[in-house]
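Worksheet: the structure to be examined is printed underneath.
The values are calculated or read from the model by the stated rules, or taken from the named source; none is laboratory data. Just so you know, these numbers come straight off a predicted model, no measurement behind them. Cβ placement follows ideal geometry from the backbone for every residue including glycine, while neighbour counts extend to all protein chains displayed. Surface accessibility is based on the protein's heavy atoms, side chains included, excluding ligands, DNA and RNA. Shrake-Rupley method; radii C 1.70, N 1.55, O 1.52, S 1.80 Å.
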Amino acid sequence: MHAKNRISSSGHSTPSPPASPLRSPRYRHGRKPGRFSPFQPGRTVAHHVAWLLLSVLLRRQGIFLFAPLIYISGMLIYMGTVSFDVVPLVKHRPAPGSVYRSPQVYEKLKIEMNEDYSSADAILTIWKNSYKGGEWRPCVSKPSEGLPESNGYIYVEANGGLNQQRTSICNAVAVAGYLNATLLIPNFHFHSIWRDPSKFKDIYDEDYFISALENNVQVVDKIPEYIMERFDHNLTNVYNFKIKAWSSIQYYRDEVLPKLLEEKIIRISPFANRLSFDAPPAVQRLRCLANYEALRFSSTILSLGETLVARMKKLSANTGGKYVSVHLRFEEDMVAFSCCVFDGGEQEKEDMKNARERGWKGKFTKPDRVIRPGAIRINGKCPLTPLEVLLVALFY
């Protein structure tokens with residue numbers, strides 16, 4: 001008996017090959033072009049490319065992944081948002097006044113300046129008195145009455161350079177007079193940059209300072225012994241008031257005066273810029289009195305100043321001995337602190353960044369600190385360069 005065979009016997013000894021699979025209608029030759037054919041007549045090249053891309057995606061079964069992207073791209077092209085043309089580059093224009101352009105301004109005005117000030121007579125017109133009344137009058141009147149009993153002693157440490165120290169002295173006089181306190185001769189802080197050991201009497205006439213203020217503010221050069229004994233004769237042991245910059249005079253009345261009455265002596269360190277410019281007339285009067293009357297340079301500095309003045313007058317014979325004296329104060333630390341940008345390019349920015357870090361570690365790199373050089377210049381807070389000082393002197 002023979003086993004059953006699923007392949008029928010036809011007289012041939014070799015088995016017949018399996019039947020070929022049915023081919024997809026899309027690939028049969030001689031098919032009729034249907035509506036899904038990418039090669040229909042009247043179609044553009046863009047349509048052919050789109051149909052080919054779509055067929056590939058369909059074969060790869062990626063339609064669900066790329067369909068949103070294709071739809072968005074098609075809509076953008078249809079609406080004209082995306083163009084294959086060259087898009088012009090739009091340059092950002094800085095706001096007027098936010099960029100240092102004084103050299104360019106000088107070049108434009110130089111011809112006009114040379115024409116206007118080509119003669120000595122034209123230069124002399126700069127010195128005409130522009131005050132409407134024709135006469136300058138002092139704004140400080142000297143009282144004749146005496147001072148009431150003092151509420152205590154105030155000791156301040158004037159930090160910064162010469163300008164900040166002078167401002168601190170004037171503010172200390174104003175605060176002491178307002179609080180009816182006795183002012184100890186201010187101490188100059190030994191700055192880490194200037195490293196100047198000068199004391200008050202080395203720069204100013206101390207005796208004249210005390211006498212010029214005697215009817216307005218009592219000033220002494222030392223604290224009484226019975227008070228210093230409480231602090232082991234060391235002023236650093238005296239209670240130090242930490243006052244915010246630009247504090248109002250009312251703050252001194254409400255916060256400082258009660259402590260002064262309690263301790264009879266207080267110390268304020270540092271004291272630079274610790275009083276607001278906006279103050280009552282009585283406080284401003286004391287500031288003016290200190291600055292224009294009481295503060296007189298020491299004899300050594302006065303002698304040197306007189307020598308310089310005589311030399312400048314001699315060299316200014318063509319203008320009748322008239323000259324302009326300017327303290328430019330255009331130095332590295334001041335420029336760095338201002339955070340302004342001039343015409344030094346990237347090297348200047350890097351140098352000023354390093355100078356800020358050396359002088360004020362961490363002050364300008366705090367996370368919440370935002371530096372906007374353009375806004376600083378627009379607000380008029382950038383220091384004048386020597387060229388700008390020249391322009392001001394000539395035109396104003």
For Tyr106 and Ile301, extending 7 Å from Cα along the Cα-Cβ vector and measuring point to point gives, in nm, a value of 3.0 nm
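Distances longer than 19 Å among the Cα atoms of region 326-395: what percent of all pairs is that?
On the way: 899 of 2415 pairs.
Cα-Cα pairs of region 326-395 separated by over 19 Å account for 37 percent.
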Roughly how many debye, to the nearest 20, is the charge dipole of region 270-383 about its Cα centre, given +1 on each Lys and Arg Cβ, -1 on each Asp and Glu Cβ, and no other charges? 340 debye
Considering only protein heavy atoms and a probe of 1.4 Å, how much of the accessible area of region 153-294 is carbon and sulfur, as a whole percent? 48 percent
If you look for lysine pairs in region 153-294 that are eight or more places apart or on different chains, how many of them have Cα atoms under 16 Å apart? 4
How much accessible area per residue does region 279-396 have, counting only protein heavy atoms and a probe of 1.4 Å, in square angstrom? 67 Å²
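In percent, how large is the relative contact order of region 234-363, given Cα pairs closer than 8 Å and 6 or more residues apart? All intermediate terms of the calculation are to be shown ahead of the outcome.
Values: 71 pairs, mean separation 21.8, N = 130.
This gives 17 percent for region 234-363.
Can you tell me which of 349-357, 168-176 comes out highest on packing, and rank the rest after it, using the mean Cβ neighbours within 10 Å? List each step's numbers first, then the result.
Details: 349-357: 15.6, 168-176: 26.0.
In descending order of packing, they fall as 168-176, 349-357.
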Calculated from backbone phi, Karplus (6.51, -1.76, 1.60) coupling profile of region 338-345 in Hz, x at Gly/Pro: 5, 6, 8, 10, 10, 10, x, x
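Pop out the carbon and sulfur fraction of the accessible area of region 314-396 as a percent, whole number, probe 1.4 Å. Let's see the in-between values first.
Working: 3110 of 5770 Å².
Result for region 314-396: 54 percent of the exposed heavy-atom area is carbon or sulfur.
Kirkwood Rh and Cα-based Rg: tell me the resulting Rg over Rh for region 206-351, rounded to two decimals.
Details: Rg = 21.8 Å, Rh = 20.2 Å.
Radius of gyration over Kirkwood radius for region 206-351 works out to 1.08.
Tell me, what are the semi-axes, in whole angstrom and largest first, of the equivalent ellipsoid of region 217-300 as set by the roots of 5 times the Cα gyration tensor eigenvalues? Mind dumping the intermediate values first?
Numbers: eigenvalues 117, 79, 29 Å².
Rounded to whole Å, the semi-axes are 24, 20, 12.
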Using Cα pairs closer than 8 Å and at least 6 residues apart in sequence, work out the relative contact order for region 316-396, in percent. 38 percent
What's the magnitude of the charge dipole for region 317-381 around its Cα centre, counting Lys and Arg as +1 and Asp and Glu as -1 at the beta-carbon? Answer in Debye, nearest 20. 380 debye
Sequence ranges 215-221, 259-265, 277-283, 340-346, ranked by mean other-Cβ count within 10 angstrom, highest first: 215-221, 259-265, 340-346, 277-283
Going Cα to Cα from Lys363, which aspartates and glutamates come in below 15 Å? Please leave out same-chain ones fewer than 8 positions away. Asp333
Provide the per-residue ³J(HN,Hα) series for region 219-228, in order, calculated from phi with Karplus coefficients 6.51, -1.76, 1.60 and θ = phi - 60°, each as a whole number of Hz, with x at glycine and proline positions. 10, 10, 9, 7, 8, x, 4, 5, 7, 5
